[in-house]
Amino acid sequence: MKLRYMLDSIIADRQATVPEYLPVGVWVQGPGPGLDVEMYYLDRGPSGLADRKDEAAWVVNRLVEAGATSLPVDFLEYHRLSRSPYDGVFSEITETGEYPYLDACGKAVLARLRK
């Protein structure tokens, strides 16, 4: 199964001259059907992590409230391009066949972030 994922990073220091971004989570999208997306975040980390987790949860909540039954093919691209660099960045989107399902991919990528 082909899965797609991107890392979610937040800005480390808003006062820095050159922004530094810290990866704190991963969004994983499957081939469907349905709302085949999961967001995984570190348990603890820099300031702003809790807000980022809430924002990600609301993405799914808004889809459910709107009655969405599937995701557009460009779901990750849309969110990647809509992120303000003053708030954080999403990485390039990676496609993988290495994992059998979303949860395995999300947890493996998150484990790499913890190191």
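The values are calculated or read from the model by the stated rules, or taken from the named source; none is laboratory data. Every value quoted in this text rests on a predicted model; they were computed, and no experiment measured them. Neighbour counts are summed over all protein chains in view; Cβ atoms, including those assigned to glycine, are modelled from backbone coordinates with ideal geometry. Areas reflect the complete protein model, heavy atoms only, side chains present, ligands, DNA and RNA absent. Shrake-Rupley method; radii C 1.70, N 1.55, O 1.52, S 1.80 Å.
Of note:
- Relative contact order [Cα under 8 Å, 6+ residues apart], the chain, whole percent: 40
- Residues whose amide H falls under 5 Å from that of Y21, counting only those 5 or more places apart or on a different chain, are A12, with hydrogens built in the peptide plane.
- Solvent exposure ordering (accessible area, 1.4 Å, most first) of R44, R83, R62: R44, R62, R83
- Normalised Debye scattering of the stretch 3-113 at q = 0.10, 0.14, 0.18, 0.24 Å⁻¹ gives log10 I(q)/I(0) of -0.28, -0.56, -0.91, -1.48, counting only Cα atoms as equal scatterers and leaving out solvent.
- The order of Y78, Y21, Y99 by accessible area, most exposed first and with a 1.4 Å probe, is Y78, Y21, Y99.
- Excluding ligands, DNA and RNA, the accessible surface per residue across the chain is 61 Å² with a 1.4 Å probe.
- Charge sum, other residues only, whose C-beta stays under 13 Å from Y78's C-beta, Lys/Arg counted +1 and Asp/Glu -1: +2
- Three-way shape label, the stretch 54-111, alpha-carbon gyration tensor, a/c 1.5: oblate
- Helix 102-114 axis, angle to the chain major axis (alpha carbon atoms, nearest 10°): 10
- Per-residue [θ]222 nm for the chain (sum of -39500 (n - 2.57) over DSSP H runs n ≥ 4, rounded to 500): -10500 deg cm²/dmol
- Largest accessible area first, the residues K107, K115 order themselves as K115, K107 under a 1.4 Å probe with ligands, DNA and RNA left out.
- Cross-link partners for K115 among the aspartates and glutamates, with Cα-Cα distance under 14 Å and sequence neighbours closer than 8 places in the same chain left out: D43.
- Degrees between helix 49-65 axis and first principal axis of the chain (Cα, 0 to 90, nearest 10): 30
- Carbon/sulfur fraction of accessible area - the stretch 1-112, other protein chains in place, 1.4 Å, %: 53
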